[in-house]
Number of protein chains: 2
Amino acid sequence: MTTQAGSGHPTSCLSAADIVAALFFYAMHFDPQNPHNPNNDQFILSKGHAAPLLYAVWKELGIIAPADLLSLRDIDSVLEGHPTPRFSRVDVATGSLGQGLSMGIGIASAARLDKREYKTYVLLGDMETTEGQVWEAAEIAAHYKLSSLIAIIDCNNLGQSTQALDDYDLDAYHAKFTAFGWHSLIFDGHAMPDIMRAFDQAKKNKDKPMVLIAKTIKGYGLDTIENKQGFHGKAFSSAELPSLLEQLKKRFPAAATYDDEYQWQPQIPSTKGISVPSKKVTSVSLKQTYATSSDVATRKAYGQALVDLGAQLADGVVLDAEVKNSTFAELFEKHYPDRFFQCFIAEQNMVSMGVGLTARGKIPFISTFGAFFTRAYDQIRMAAIGRSALRLCGSHAGVSIGEDGPSQMALEDIAMMRAIPDSAILYPCDGVSTYKMVEIMAHRNDGITYLRTTRATTPIIYSAQEEFELGGCKILRQSEHDVACIVSAGITVFEALKAYEMLQKENRSVAVIDAYSVKPLAEATIIAIAKKSGNRIITVEDHYLEGGLGQAVAYAVRNESITIECLAVTKLPRSGKPEQLLAFEEIDANAIVKMVKYLTM
Amino acid sequence: MTTQAGSGHPTSCLSAADIVAALFFYAMHFDPQNPHNPNNDQFILSKGHAAPLLYAVWKELGIIAPADLLSLRDIDSVLEGHPTPRFSRVDVATGSLGQGLSMGIGIASAARLDKREYKTYVLLGDMETTEGQVWEAAEIAAHYKLSSLIAIIDCNNLGQSTQALDDYDLDAYHAKFTAFGWHSLIFDGHAMPDIMRAFDQAKKNKDKPMVLIAKTIKGYGLDTIENKQGFHGKAFSSAELPSLLEQLKKRFPAAATYDDEYQWQPQIPSTKGISVPSKKVTSVSLKQTYATSSDVATRKAYGQALVDLGAQLADGVVLDAEVKNSTFAELFEKHYPDRFFQCFIAEQNMVSMGVGLTARGKIPFISTFGAFFTRAYDQIRMAAIGRSALRLCGSHAGVSIGEDGPSQMALEDIAMMRAIPDSAILYPCDGVSTYKMVEIMAHRNDGITYLRTTRATTPIIYSAQEEFELGGCKILRQSEHDVACIVSAGITVFEALKAYEMLQKENRSVAVIDAYSVKPLAEATIIAIAKKSGNRIITVEDHYLEGGLGQAVAYAVRNESITIECLAVTKLPRSGKPEQLLAFEEIDANAIVKMVKYLTM
């Protein structure tokens, strides 16, 4: 495969080949023909660069036609360089290292919620255990006593450019995982009876997750290459291939005479019980009951909406990174403690755990401070590549959080989430719209959906009947003689409304738009209103200029005869009172008024 | 302080107060008056929310005037809610948890390079040890045997919303750190003799880093509050304050009668030896020697330029996350092995380690795949808040890497880096410009500078004499009758040049710009050329549309009468050959030609 493709990681496949063979053809209970059997054991290839090994397995299982194997890495092949769900037997994308174990936690947690007995196997490379996320996963899996989770570490000691940090010291891995609360077993990853015994033992495992630490050899079976540095990620040439295959056949005479007609029988689990839950949410309807004159923080409304959601969505689960009393995820926990996951301060694991949960039909809502989703950008990126439907809520957006200072302010989250393929970004300004947007999130069954919430309480400005939609916006103020259109979202909606009042007193009218759907943006409406508003737009946002709402609007109107200026955070923020910081960054009502006057001089 | 500010974390300060008192007034050797003494012991408050405790220390040391303490969290105060270098005794920003230990590794590594004896102390909260980055740091510090690094964990068991994952089980922390190769000691964090003995022992420490595990009590000293959940991040009201202060005085009668005139003497280390190296690089001049007709990958040119740089910059160091043979950081390692840090696959630690190195006058160049800097976005964000000068190089940009597939492609890195305050982004297309840009990076002594390199070899198009500058661009093609201006960068420069040739054959002329300085952008030049090119711009980039080069240009020309269309990656990429993927995403020469024709129909 890799020779045909001209690239790939054959030596990384060879170190794990015996393990994976034992796993699929001895240990795992699953129906190769029916990936929807809800009791199938699950497998995640965390060391995603060994994808050809996985494809070889599915070829043996009859799912990939032998000829199709040679399409590896072709642009029209589902057999990508690293596994993605384009191939039907892969649920999660891997290839950025150190994420698989967290996904396994999500899957094992779903199994527990559904009271199913299946096991979740995750194959890691030794080099990826230096990723901190692996240790986040290790501690969370132990905390939740996920005994159905079985990690296997392929310790071949050779990375891309150097040796493993722990060298071939398998006791070091053992000590680390034991200290983190795992059962652990060291074995020879090329001695088939040992491998089988290891899996037997892992399956009997109770109380704790278990790690199987396999001593392996990179390039195993190739006399001239095995255990040598310098062959990572190198496909062999067509000229080299025959002699290398000869080496393999000589080393494994049984395999060399292997008979394709061998009657291996899969251990198919019962399909009894509930079918795999549908991932599609279609009929949630959330009912808020805010008084029109009341104030509520959108972050709190998020938590309140989750409670309502939890009643309607049996598969809805909530994850939070030890800030549940700030994000208000705690309101959900109070009602549905079994469906709430305290993920501690470990955002990377939390997001990838969400990926695992979605793979088993759960609907995770994942919250932390918006600023701290920067910690999990790689995991969000990989979730998008895997087409996982994640619902993320980032609270404490912008400088308006005030005194805690810049480390706690989400100011790049819109830019970050906009650059995720197929993402959506919702940014409500009041409690009513927050409820509606949680509803929209629930119904968005594909891709990453990000909700941005605000720390401060804000007034309710919408009636309970107001309709909201992905790609929509609200025209809050408009007249026949507007000189500019103010495009705001979240906290700046109120600054725009204040500016409106200030300008009214001076007999100037502006249109005010609540662009609550930052992505997709209500481009046509914004352009139409701007054209009725002196062909002028002023955007105002509590976010850095680059990649934010303003630049999204500027792009949308790029070929219109519209003058546009963007008010955004452009100075490195600091501690201070919210209103002082809005003034400091020139994103408050005064700044809007000043800009309107400047543009209409 | 926190009562005056109306917010803050007094109970988190009280758990660590005894430790910090012993540290500054007993253990540490430093000159309070001279932060530039190169032999001062160093301290990092990883649990940044305990900032008032740090400020209280510096008040005792005479650096903060008593009255100024009450300015905590004011907009014009340097005493921010979480520590930042606005306060002269803070070198690194903390407040996003789990980053301090990695910064400490950077500082301790600088000490070793400079052959200095000073110690580096890092105070962590127990809750932040769930961040995977702490374990990345733990393994790297042990790997490098950084015995001058002393971590202290303030185990008060209470987080913001829940108890520590390991509860008050201090043996669990001990087991984990021991397994990770550290010396470890458990002690009572409120028994002063025990604390002093712990520091005595830590200072005698050899061969390994050491962790001091302190059992503490959150809100210690306040009878009605200590060790109770629900007081995290809560300032006490003015009404409550007097009785709480009474509780403290009753508990600590010696402190209650404390005499400010007590003649404590700092243990000032010798200032002998070299002075703290200047962080300002001013006079690097790199000389490439590429033949004009040769090809070289910009990633390789980066590595080659580093070798030249290493000879001129004694404080230059290089960090890489186990991809040194892909980023070509290995070329530097071959020449300067002592100044090369193999950071293994642990990008978060690597970036924060860079922050620590800059704090001690080192000039780190930090490389990995551009895609994997997403793993460290929070750390880059915090580095910017701390005004650390980091030079980052992300290789393997875009779909043009080909068969490895989307997990390995940097496609959101420009958006991510643009949204970092005071950042600069350089994106060379050939070997010559790469050299020049490494030179520009070296001279950029403030903020985050990001260099984006390409996997494939590309032709040398610039002469050795060509000048490049931050905020500059190159006009590669221009005539009197251009119908559009193509703005490209990196790999797409060559697609633009190809498109130019294709259009020439049809007697159409376009201007071609190499926008190598993505941030700051050569706005004026781009606008001027566009105005001479039919008022049309077509941007073309190997990056997602959102937040990329195109939207930066669209924003720059927003109020000009210029038609602009942006060619960028808009479909979820997949494995394939580079040229197939450029075509698939419509960012190749054909797509440019098509767009020129469309706009000039």
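The values are calculated or read from the model by the stated rules, or taken from the named source; none is laboratory data. Values in this document were obtained by computation on a predicted structure and should not be read as measured data. Glycine gets a Cβ as well: all are built from the backbone with ideal geometry, and neighbour counts include every protein chain shown. Just so you know, the surface numbers come from the protein's heavy atoms only, side chains and all, with ligands and any DNA or RNA stripped out. Shrake-Rupley method; radii C 1.70, N 1.55, O 1.52, S 1.80 Å.
Considering only protein heavy atoms, with the full assembly of protein chains and a 1.4 angstrom probe, order B:Glu80, B:Glu439, B:Glu579 by accessible area, largest first.
From most exposed to least exposed: B:Glu579, B:Glu439, B:Glu80.
What is the ratio of the Cα radius of gyration of the range B:456-601 to 2.2 N^0.38 Å, with N the residue count, to two decimals?
Computed over Cα atoms of the range B:456-601, the ratio equals 0.97.
Using only the alpha-carbon atoms, how far is helix B:491-505 inclined from the longest principal axis of chain B? Give it as 0 to 90 degrees, nearest 10.
Helix B:491-505 and the main axis of chain B meet at about 20 degrees.
How large is ³J(HN,Hα) for each residue in the range A:427-438, as worked out from phi by the Karplus curve 6.51 cos²θ - 1.76 cosθ + 1.60 (θ = phi - 60°), to whole Hz, x for Gly and Pro?
Couplings: 9, x, 9, 9, x, 4, 5, 4, 4, 5, 6, 5 Hz.
For peptide A:133-141, what's the mean number of Cβ atoms from other chains within 10 Å of each residue's Cβ?
That average works out to 5.
Pull out a ≥ b ≥ c, the square roots of the eigenvalues of the alpha-carbon gyration tensor of the range B:324-467, then state rounded if a/c is under 1.5, prolate if not and a/b is larger than b/c, and oblate in the remaining case.
rounded
Within 10 Å of each Cβ of A:547-555, how many other protein chain Cβ atoms are there on average?
6
Dipole of chain B (Lys/Arg Cβ +1, Asp/Glu Cβ -1, origin at the Cα centre): which of B:Ser238, B:Ile526, B:Ser109 lies farthest to the positive side?
Towards the positive end, the residue furthest out is B:Ile526.
Restricted to Cα positions, what overall size does chain A have along the principal axes? Three whole-Å values, descending.
Rounded to whole Å, the extents work out to 92, 52, 41 Å.
Using only alpha-carbon positions, what ratio does the radius of gyration of the range A:2-105 give when scaled by 2.2 N^0.38 Å?
Compactness ratio reported: 1.01.
As I understand it, the dipole of the range A:130-267 uses +1 on the Cβ of Lys and Arg and -1 on the Cβ of Asp and Glu, about the Cα centre. Which of A:Tyr144, A:Pro266, A:Thr178 lies farthest toward its positive end?
A:Tyr144
To the nearest 20 debye, what charge dipole does the protein assembly as shown have about its Cα centre, counting +1 at the Cβ of each Lys and Arg and -1 at the Cβ of each Asp and Glu?
480 debye
I'd like to compare A:540-549, B:588-597, B:446-455: which one has the highest average count of other Cβ atoms within 10 Å, and what's the full order after that?
So the order, starting with the most tightly packed, is A:540-549, B:446-455, B:588-597.
With only alpha-carbon atoms counted, please give the Rg and Dmax of the range B:457-517, in Å.
Rg then Dmax for the range B:457-517, in Å: 11.9, 35.
Tell me which residues come under 5 Å, amide H to amide H, from A:Gly125 once H is placed; ignore anything under 5 positions away on its chain.
A:Lys47, A:Asp154
Looking at the axis that maps chain B onto chain A, which chain B residue has the closest Cβ, and how far off is it in Å, rounded to a whole number?
With distances in whole Å, chain B gives B:Gly132, 1.
With the cut-off at 28 Å, tell me which of the pairs A:Lys324/B:Lys218; A:Lys498/A:Lys577; A:Lys287/A:Lys324; A:Lys47/B:Lys206; B:Lys203/B:Lys272; A:Lys571/B:Lys280 have Cα atoms farther apart than that.
A:Lys47/B:Lys206
Rounded to whole Hz and in sequence order, give me ³J(HN,Hα) for the range B:169-174 from the Karplus expression 6.51 cos²θ - 1.76 cosθ + 1.60, θ = phi - 60°, writing x for Gly and Pro.
Rounded to whole hertz, the list is 7, 5, 4, 5, 4, 4.
When all C-alpha to C-alpha distances in the range B:390-442 are sorted into bins of 10 Å, what percent of pairs does each bin hold, rounded to whole numbers?
Pair shares across the bins are 21, 47, 30, 2.
Sorted by packing (mean other beta-carbon atoms within 10 Å per residue), highest first, where do B:558-565, A:411-418 land?
A:411-418, B:558-565
I'd like the antiparallel share, as a percent to the nearest 5, of DSSP beta bridges with both residues in chain A.
15 percent
In debye, nearest 20, what is the charge dipole magnitude of chain B about its Cα centre with +1 on Lys and Arg Cβ and -1 on Asp and Glu Cβ, if you could check?
820 debye
Hey, if you put +1 on the Cβ of every Lys and Arg and -1 on every Asp and Glu Cβ in chain B, which of B:Asn156, B:Ala346, B:Met601 ends up farthest toward the positive end of that dipole?
Selected residue: B:Met601.
Magnitude of the Cβ-charge dipole of the range B:240-385, K/R +1 and D/E -1, about the Cα centre, nearest 20 debye?
It comes to approximately 280 debye.
Tell me the mean residue ellipticity at 222 nm calculated for chain A from its helices only (DSSP H runs of n ≥ 4, each -39500 (n - 2.57), averaged over every residue, nearest 500).
-10000 deg cm²/dmol
Using a 1.4 Å probe and ignoring any ligands, DNA or RNA, find the accessible area of B:Tyr290 and quote it in Å² to the nearest 10.
So the heavy atoms of B:Tyr290 present about 50 Å² to solvent.
Mind checking the per residue accessible area of chain B for me, 1.4 Å probe, whole number of Å²?
33 Å²
DSSP beta bridges in the range B:438-520, what fraction antiparallel, as a percent rounded to 5?
Of those bridges, close to 35 percent are antiparallel.
Around A:Leu390, which amide H atoms from residues at least 5 apart in sequence, or from another chain, sit under 5 Å from its own amide H, with H modelled in the peptide plane?
Correct list: A:Gly447, A:Ile448, A:Thr449.
Would you mind classifying the range A:28-160 by shape? Square roots of the alpha carbon gyration tensor eigenvalues, ordered a ≥ b ≥ c; an a/c under 1.5 is rounded, otherwise it is prolate if a/b is larger than b/c and oblate if not.
oblate
Each residue of the range B:332-337 in turn: what ³J(HN,Hα) in whole Hz from Karplus with 6.51, -1.76, 1.60 and θ = phi - 60°, glycine and Pro shown as x?
Result, ordered by residue: 5, 4, 4, 8, 10, x Hz.
One decimal, nm, shortest first: give the distances between the label point of A:Pro35 and those of the same position in the other copies, each label point 7 Å from Cα along Cα→Cβ.
A:Pro35 label point versus its equivalents elsewhere: 5.6 nm.
How long are the semi-axes of the equivalent ellipsoid of the range A:284-328, taking √(5λ) for every eigenvalue λ of the Cα gyration tensor, in whole Å from largest down?
20, 17, 5
First obtain the Kirkwood hydrodynamic radius of the protein assembly as shown from its Cα pairs, then insert it into the Stokes-Einstein equation at 25 °C and 0.890 mPa s, and state the resulting D in µm² per second as a whole number.
Here the translational diffusion coefficient equals 80 µm²/s.
Between copies, how close do the A:Ile63 label points come, placed 7 Å along Cα→Cβ, listed in nm from shortest?
From this label point to the equivalent ones elsewhere in the assembly: 6.0 nm.
When DSSP beta bridges are limited to those with both residues in the protein assembly as shown, what percentage is antiparallel, rounded to the nearest 5?
15 percent
So for the range B:468-595, averaging the separation of alpha carbon pairs under 8 Å that are six or more residues apart and normalising by length, what relative contact order in percent results?
About 28 percent, as a whole number.
Can you list residues from other chains, or at least 5 along the same chain, whose modelled amide H is less than 5 Å from the amide H of A:Val296?
A:Gly431, A:Thr458, A:Ile460
Given N residues in the range A:103-247, what is Rg(Cα) / (2.2 N^0.38 Å)?
That ratio works out to 1.16.
At R0 = 51 Å, how high is the FRET efficiency between A:Leu248 and B:Lys115 if r is their beta carbon distance? Nearest 0.05 is fine.
That pair, A:Leu248 with B:Lys115, gives E of 0.50.
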